[in-house]
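Asks: Attaching a single structure in structure tokens format; questions to follow.
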Amino acid sequence: MAEVIHPRKSLSINPLKMSQPLGGAMAFMGIEGCMPLLHGSQGCTAFGLVLLVRHFREAIPFQTTAMNEITTILGGVENLEQACLNIYNRTKCKVIGVCTTGLTETRGEDLKGDLKLIRQRHPELAGVEIVYVTTPDFAAALEQGWGKAVTAMVEQIVQPALGATEGQINILAGSHLTPGDIEEVRDLVEAFGLTPIVLPDLAGSLDGHVPDQYMGTTYGGTTVEDIRAMGRSEYTIAIGQQMRYAAAALEAKAGVPFEVLDRLTGLNAVDQFVQILQKVSGRSAPAKIRRQRSQLLDAMLDGHFYFGNTQVAVAAEPDLLFALTSWLAEMGAKVVTAITSMDSPILSQVPADQVIVGDMDDLERGAAEKGARLLMTHSHGRMSAEKLDVPLFRVGFPMFDRLGAAHRRTVGYRGTRDLIFEVGNMLIEHSHEAAPDDWSLPEGEEANATATAH
Amino acid sequence: MLKRKVEDVFNEPGCATNQGKTDKQRKSGCAKPLTPGAAAGGCAFDGAKIALQPIADCIHIVHGPIACEGNGWDNRHAKSSNSQVFRTGVTTDMSDLDVIYGGEKKLYKAIKEAISRFDPPAVFVYQTCVPAMIGDDIVKVCEAAAERLGKPVIPVNAPGFVGSKNLGNKLGGEALLEYVIGTEEPAETTPYDINILGDYNIAGELWQVEPLLKKLGIRVLGRITGDARYHDVTVAHRAKLSMMVCSQALINVARKLQERYGVPYFEGSFYGVSDTSMALRTIARMLVEQGADPELIDRTEALVISEEARCYARLAPYKARLEGKRVLLYTGGHKSWSVISALQDIGVKVIGSSVRKSTDNDKDRAKELMGDDGMLYDAIPPREMYRMLKDREADMMLSGGRTQFIALKAKMPWLDMNQERHHAYAGYEGMVSLISEIDKALFNPIWEQVRTPAPWDAICAPAKTEA
């Protein structure tokens, strides 16, 4: 439907986009006992760390190979080696997730070869999975870094297996799912008597819980054993187009068939998911789920008044953009401006005339031009919203100026129901109240009327 | 070029630590080598941007791939009383094609577009790792842009890989010395003009101090760079003295202002009552030495006495509540001691303080203040910090955002003492805010609740069997 536009710009003003390695590292944060490691200068990690801490309000394990001027010229294998050893010795982690950066990619580090060498030199690292992924800062965006990291986990950890464990299914979760979303997906899957392995599982690690002891690594998330066992699952459901490669890699490696669901927000989208669950489990939806669907229907009936023809401007990464705009369109709203961070096959299906791969400046201009009544984007959009004097509904990452970012839920019947209420309430709050001059007659006639009165 | 600048910055004769070194040690620089896999903190680019971005009416263009600005913009609370242009996140967002073909042309176009769009008095351009590696010459591009577009375009050459945040602060300062300071003249000068260096008006801290200066008739002429407009930086060479606020961050700027323009400097702090008073007295004394009317000293003394009295009167109610409370302080620089003395004033005990990024002088003062009661730490490993708090060796921790969750997960009160803080703690006003924030954190009723065992962990009386 939508035409995808790549403006040739020299200047990005108020970026929407964040970098690939940050997305890669975030994916590794959904693995239990993991230490994400950026192979770059220490600032690469520091900026990401601050952003993650502000969003999740959690201690974030995140390390750097601390490349300096000399190693940037001579090569970073020693830094990588030292980093792996230091991390392992200090934290006894189970996984180290290495993502490259603009710096190491420009230099052209041979990560695979370097890690092989490090493994040879240090047999003490035998018990640690070191997963590596190529994520230059100068290509794509966070979402793709996430997808690549999960693909790397599948390729480097999953073990091919003969036969399947009955009732076990894989859920490959895209970067746009919050811990709250993942909990919802898990609930849905379990309601059909199935056992899900969610990769990556941010709900295990970054859902904001208080552990009983200090952990230097991630505490919670998908375990290495579970990742290995994904090859024995009956089926894989990938959520978001960004997870297609990982799902395909899993099929190629272990023969697990898969389906990619573009989104889990909106009635029909969740219905499709439930259909698959019915098929895989051989069970019909339990009463609890039927009730949830009914509640969503009611929310749509109650809420549609406020959405119909409302003009909305949305800026988000491709999969989240698609989920939100599709849902908005299904509620009767008009997506007048759609901005995203990078190219993706899903973009052409966004229900808008065009999708611009751009920044907050594009969002702001589009919203002003088209008279949008609501902005939807991450927290950096607040300045645009202030300027336009239009309410901002915060979605995605980062959400640093609100509490509970991890528990925002927009998937499943319940998530969609809550989303209708939250966005609907915002529209109600900012709806126009009648004023005496709202219906004044056109200029000329008004002048006549005044003259007659005198 | 950059290498020489870094050496020059390392070779800072104004730095006390440096004076104690041999030539050879000095040459090897003061940056501690960063440990891969165990490092924390920002890079040189981060530091340079922290030091310069508060110049509020300027556009700050980050030349690099998206990580450097996309992951890092809009993350500090430097406040401006006028223009808000500096809050705009602006980057060339280099793509793989730019990496292959070079990014200089794109940068030039970006500068041009920024000027036509925002019409700022000047543009700052920040170098980052990738364009530095592929040889983009930002100095040349900035020169060409300045000439053709008729505005100052200032290259800030501090790519991340050259070192730490602190080094970046200094390299940012060098850019000001080379391209900004001395390029304009103030409309008028007075014997009461000062510079404030190394304060970034985080959460509005300058606004807690400026009313005191105003009352004394002292004008902050040069702002480097808290609540500054471009013009406020260009005229810093005409001030009568510089007060250097953040330990060593911009010592190179202070010293070179003295060498080149004869502006003397002193190091002071606005954290804590006694430090604030000392800073005001020093400013008055030095201004008089420079030719201000000697009555300034008397007026300053009178203001100090009345403000101290007003401050202590407001702190008094807290004293009874906070007396004997134990605090773990995890900051660095001059805050390692200035906050100790502030807390001791109202009877709070500091059981430990970190002295990272502190000078020897800072360390001595901290040691002297704490006596045998407290420990000085270089860095506390997170696990140990968690244990200290969990074992209730302290009643609360004051630190930066990075260690926030170590305290909170140990179910202990925490207060932000760092750059990301939302509260202003400077001057006498700031002292009252700090103490009231500590009080607010310590006595919040949640602590009792969050520490109660869960129902399934509670030891209960055996359940009654129903008859």
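Asks: Looking at the stretch B:279-294, which of the residues that are free of Cβ contacts under 8 Å to residues at least 40 places away in the same chain and in contact with a helix residue (DSSP H, G or I) (Cβ under 9 Å, 6 or more places away or on another chain) is surrounded by the most Cβ atoms within 10 Å (Cβ to Cβ)?
Replies: B:279
Asks: Do you know which of the residues in the stretch A:1-28 that are surrounded by 24 or more Cβ atoms within 10 Å (Cβ to Cβ) and away from chain B (no Cβ under 14 Å) is farthest from residue A:379 (Cα to Cα)?
Replies: By that ranking, first place goes to A:28.
Asks: Given the conditions (1) modelled with pLDDT of 95 or more; (2) outside the structural domain of residue A:36 (by TED's automatic domain parsing); (3) not hydroxyl-bearing (Ser, Thr, Tyr), which single one is not true for residue A:125?
Replies: (2)
Asks: Sort out which residues of the stretch A:117-149 are over 16 Å from residue A:27 (Cα atoms), touching a residue at least 40 places away in the same chain (Cβ under 8 Å) and away from chain B (no Cβ under 14 Å), and write them in order of number.
Replies: A:117, A:121
Asks: Residues in the stretch A:371-406 that are surrounded by 16 or more Cβ atoms within 10 Å (Cβ to Cβ) and of a type in the set (Lys, Arg): how many?
Replies: 3
Asks: Please enumerate the residues belonging to the stretch B:381-409 that are within 14 Å of another protein chain (Cβ to nearest Cβ), under 23 Å from the mean Cα position of the chain (by Cα) and crowded, with 21+ Cβ neighbours inside 10 Å.
Replies: Hits for the stretch B:381-409 are B:397, B:399, B:403, B:406, B:407.
Asks: For the stretch A:77-110, enumerate the residues that are in contact with a strand residue (DSSP E or B) (Cβ under 7 Å, 6 or more places away or on another chain), more than 8 Å from every other protein chain (Cβ to nearest Cβ) and at pLDDT 95 or above.
Replies: A:93, A:94, A:95, A:96, A:97, A:98, A:99, A:100, A:104
Asks: I would also like to ask the following. Just a yes or no: is a residue in the stretch B:352-366 within 23 Å of residue B:277 (Cα to Cα), aliphatic (A, V, I, L, M) and more than 14 Å from chain A (Cβ to nearest Cβ)?
Replies: Yes, there is a match, as at least one residue in the stretch B:352-366 is within 23 Å of residue B:277 (Cα to Cα), aliphatic (A, V, I, L, M) and more than 14 Å from chain A (Cβ to nearest Cβ).
Asks: Which of the residues spanning the stretch B:74-95 are at pLDDT 95 or above and at the interface with chain A (Cβ under 7 Å from one of its Cβ atoms)?
Replies: B:87, B:88, B:89, B:90, B:91, B:92, B:93, B:94, B:95
Asks: Tally up the residues in the stretch A:344-384 that are within 20 Å of residue B:90 (Cβ to Cβ) and among the hydrophobic types (A, V, I, L, M, F, W, C), please.
Replies: 7
Asks: Among (1) more than 22 Å from residue B:443 (Cβ to Cβ); (2) within 14 Å of chain A (Cβ to nearest Cβ); (3) at pLDDT 90 or above, which single condition is residue B:426 missing?
Replies: (2)
Asks: Just to be sure I understand the filter: pairs with C-beta atoms under 6 Å, separated by 6 or more residues or on different chains, first member in the stretch A:35-54 and within 8 Å of chain B (Cβ to nearest Cβ) and within 15 Å of residue B:41 (Cβ to Cβ), second member part of a helix (DSSP H, G or I) and charged (D, E, K, R). Which pairs pass?
Replies: As it stands, the answer is A:43/B:46, since those pairs meet every condition given.
Asks: Give just the number: which of (1) in contact with a Leu (Cβ under 7 Å, 6 or more places away or on another chain); (2) closer than 28 Å to residue B:414 by Cα; (3) of a type in the set (A, V, I, L, M, F, W, C) does residue B:311 not satisfy?
Replies: Looking at each condition in turn, residue B:311 falls short on (1).
Asks: Tell me yes or no: at least one residue of the stretch B:105-116 is more than 7 Å from chain A (Cβ to nearest Cβ) and farther than 27 Å from residue B:228 by Cα.
Replies: yes
Asks: Being touching a residue at least 12 places away in the same chain (Cβ under 8 Å) and either buried (at least 24 other Cβ atoms within 10 Å of the Cβ) or more than 7 Å from every other protein chain (Cβ to nearest Cβ) (or both) is the filter here, so list the residues in the stretch B:62-73 that pass it.
Replies: B:62, B:63, B:64, B:65, B:66, B:68, B:69, B:70, B:72
Asks: Out of the stretch A:57-75, which residues are under 23 Å from residue A:152 (Cβ atoms) and either basic (Lys, Arg) or at the interface with chain B (Cβ under 9 Å from one of its Cβ atoms) (or both)?
Replies: A:60, A:63, A:64, A:65, A:66, A:67 - these are the residues of the stretch A:57-75 that are under 23 Å from residue A:152 (Cβ atoms) and either basic (Lys, Arg) or at the interface with chain B (Cβ under 9 Å from one of its Cβ atoms) (or both).
Asks: Name the single residue that is farthest from the chain's Cα centre (by Cα) among those in the stretch A:67-86 being touching a residue at least 40 places away in the same chain (Cβ under 8 Å) and crowded, with 24+ Cβ neighbours inside 10 Å.
Replies: A:79
For (1) within 19 Å of residue B:52 (Cβ to Cβ); (2) under 20 Å from the mean Cα position of the chain (by Cα), each residue gets a yes or a no:
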| site | (1), (2) |
| --- | --- |
| B:245 | yes, yes |
| B:253 | yes, yes |
| B:269 | no, yes |
| B:272 | no, yes |
| B:279 | no, yes |
| B:283 | no, no |
| B:286 | no, no |
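Asks: Before we move on, is residue B:34 within 14 Å of chain A (Cβ to nearest Cβ), out of contact with any Cys (no Cβ under 7 Å at 6 or more places or on another chain) and either at positive phi or modelled with pLDDT of 65 or more (or both)?
Replies: The answer is yes for residue B:34.
Quick grid of which residues meet (1) surrounded by fewer than 23 Cβ atoms within 10 Å (Cβ to Cβ); (2) part of a helix (DSSP H, G or I):
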{"residue": "B:186", "(1), (2)": "yes, no"}
{"residue": "B:189", "(1), (2)": "yes, no"}
{"residue": "B:209", "(1), (2)": "no, yes"}
{"residue": "B:214", "(1), (2)": "yes, yes"}
{"residue": "B:222", "(1), (2)": "no, no"}
{"residue": "B:231", "(1), (2)": "yes, yes"}
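The values are calculated or read from the model by the stated rules, or taken from the named source; none is laboratory data. For clarity, every value in this text was computed on a predicted model and none was experimentally measured. Cβ coordinates were reconstructed from backbone atoms using ideal geometry, including for glycine residues, and neighbour counts include every protein chain displayed.
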